[in-house]
Amino acid sequence: MNFLHLPRSSLLRPAFYFFISFLCVAFYLLAAYSQNGAFGFPLDDAWIHQVYARNLGTRFEFSFFAGQPSAGSTSPLWTIFLGIGYAAQIDYRVWTILLGSVFLAATGMMTQRVTEHLTNDPSSLRASARLANWFAPLSVILEWHLVWAAASGMEIVLFVFLSLALVESFFAKRNAIFLGLLTGLLVLTRPDGVLFAVLVGIGILIRNQPRSSRISLISLSTFSVALVVLLLPYFIFNFQTGGTLLPNTFYAKGAEYAELTTQTNFFARWLMMYRQPLLGAQVLLVPGIVYAMFCFARMRAWEKFLPALWIVLLPALYAWRLPVEYQFGRYMMPIIPFMMIYGIVGTKFLFEKISLRVLRRAWGMTIAVLLSAFVLFGANFYAQSVAIVNCEMVAVANFTRENLPQGALIAAHDIGAQGYFDPQHPILDLAGLVSPEVIPFIRDEAKLKTWMRERGAQYAIFFPTWYPSLARDELFQEIFSTDCAVTRGMGEENLKVYHLE
């Protein structure tokens with residue numbers, strides 16, 4: 001069977017994408033389980049999603065604390081997907097990993113379609129089909145950051161899938177209402193999607209120029225109305241529960257890391273944001289990215305050029321607002337598929353200019369080898385991250401559930417695993433996600449101490465390096481330390497539980 005000429009409606013290629021996605025995710029889970037002997041997530045925020053999803057699926061309320069509606073989640077759409085599993089009484093581990101695998105495979109499918117739009121060259125149909133059907137989708141599916149994301153319990157792969165689906169719909173010239181609703185779903189997955197809404201809006205204006213300004217304005221207005229109508233309940237809920245249009249997390253993270261925006265100039269921070277996304281085979285695609293953008297700009301193919309600006313604008317947004325690289329640059333992971341797609345398409349354009357076949361093959365083989373090697377490296381990174389969360393946050397939550405007095409109020413910086421495994425103890429959130437009143441003084445240790453005492457906190461949980469003054473304060477008496485060897489092996493301190501005297 002000639003796979004290059006399978007009809008688009010065929011289930012064979014999507015099934016193959018899912019098979020590869022599932023194998024990669026399963027490999028990461030196996031690596032983590034063999035090292036830790038237990039299931040887990042590689043970051044505490046995944047457990048925050050699980051708390052919201054459990055309350056949504058079992059109590060039909062959007063809350064972190066049962067009975068208290070909360071705007072602490074930046075991804076209500078992901079919460080809804082996770083909540084379906086709880087409502088259907090499916091094991092949360094099975095459901096979460098299945099969702100991650102499905103959306104990684106769906107990302108491969110959208111990669112295929114977007115690449116097809118970018119390479120619709122009648123002079124090289126066979127080469128373009130091979131590139132669109134196999135090379136680009138498999139490169140994205142096998143990219144280690146995205147496999148990590150699919151196994152992380154986070155909304156990243158859903159956001160990536162929706163962003164590519166939006167680009168594909170834009171290329172396919174679907175109507176403005178559909179584009180507006182799809183953009184709304186993207187924003188409901190992460191607030192960063194607002195930036196993509198701007199790009200789509202510009203694209204709608206460009207599409208009908210210079211033929212009709214009136215048609216452009218009508219399309220843009222229709223797109224905007226559909227977007228706002230879908231987001232309006234979200235904004236109302238956030239405002240009623242938190243007093244702001246966007247989730248508490250959006251403002252809390254910005255306040256928590258505000259001082260980072262003053263330590264270096266913007267350009268240096270912007271370049272820094274690319275270090276993690278370029279860690280992998282995609283570093284060899286940088287010339288292709290630049291050349292693809294040059295080619296589309298030279299051809300005045302602005303509709304094809306416009307989505308590539310996502311590679312530039314998202315890092316710029318975070319360099320301005322939240323210049324952090326932790327957790328393998330998870331905030332920058334949404335640009336990676338675009339780097340892969342435009343890099344592969346641009347490399348194809350470059351190869352058409354290079355007559356030396358040996359150079360082309362060596363370059364292509366090196367990309368393939370790096371892609372495979374980083375899948376292995378990524379599995380180890382994933383296993384280490386799961387080990388840290390399990391032996392720090394999960395271990396502390398198990399300790400407080402079993403040893404602290406019933407109903408004792410706990411102040412904690414990382415609330416995900418704490419809220420999931422120890423729901424019987426109320427929490428004050430030092431990071432401001434579900435305690436937004438702390439945001440104005442989130443990095444002021446003296447005010448945090450006063451706030452904890454005024455609110456009646458009896459215990460506190462944090463890493464000593466995060467609040468050094470509080471860790472040395474006589475009011476805070478250490479009663480438990482995780483003694484996690486994995487964390488100490490990485491040169492970090494263990495998570496501690498303090499009793500407030």
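What the table shows:
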| read-out | value |
| --- | --- |
| All positions within segment 456-480 that are touching a strand residue (DSSP E or B) at 6+ places or on another chain (Cβ under 7 Å), free of Cβ contacts under 8 Å to residues at least 40 places away in the same chain and either in a helix (DSSP H, G or I) or within 15 Å of Asp414 (Cβ to Cβ) (or both) | Pro464, Leu470 |
| 2 or more residues surrounded by 15 or more Cβ atoms within 10 Å (Cβ to Cβ), over 19 Å from the mean Cα position of the chain (by Cα) and assigned by TED's automatic domain parsing to the domain that holds Val25: qualifying helices (runs of 4 or more DSSP H) within segment 303-400 | 336-351, 357-389 |
| Hey, Leu164 surrounded by 24 or more Cβ atoms within 10 Å (Cβ to Cβ) and either part of a loop (DSSP other than H, G, I, E, B) or in contact (Cβ under 8 Å) with a residue 24 or more places away in the chain (or both) or not | yes |
| Odd one out for Gly419, checked against (1) buried (at least 20 other Cβ atoms within 10 Å of the Cβ); (2) assigned to a loop (DSSP other than H, G, I, E, B); (3) at pLDDT 95 or above | (2) |
| Matching option when the condition is at pLDDT 90 or above, out of contact with any helix residue (DSSP H, G or I) (no Cβ under 8 Å at 6 or more places or on another chain), hydrophobic (A, V, I, L, M, F, W, C) and in the same structural domain as Ala319 (by TED's automatic domain parsing), among Ile236, Ile202 | Ile236 |
| Phe476 vs. criteria of a type in the set (Phe, Trp, Tyr), within 20 Å of Ala387 (Cα to Cα) and assigned by TED's automatic domain parsing to the domain that holds Asn398 | no |
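The values are calculated or read from the model by the stated rules, or taken from the named source; none is laboratory data. Computed from a predicted model, the values in this text were never measured in an experiment. Glycine gets a Cβ as well: all are built from the backbone with ideal geometry, and neighbour counts include every protein chain shown.
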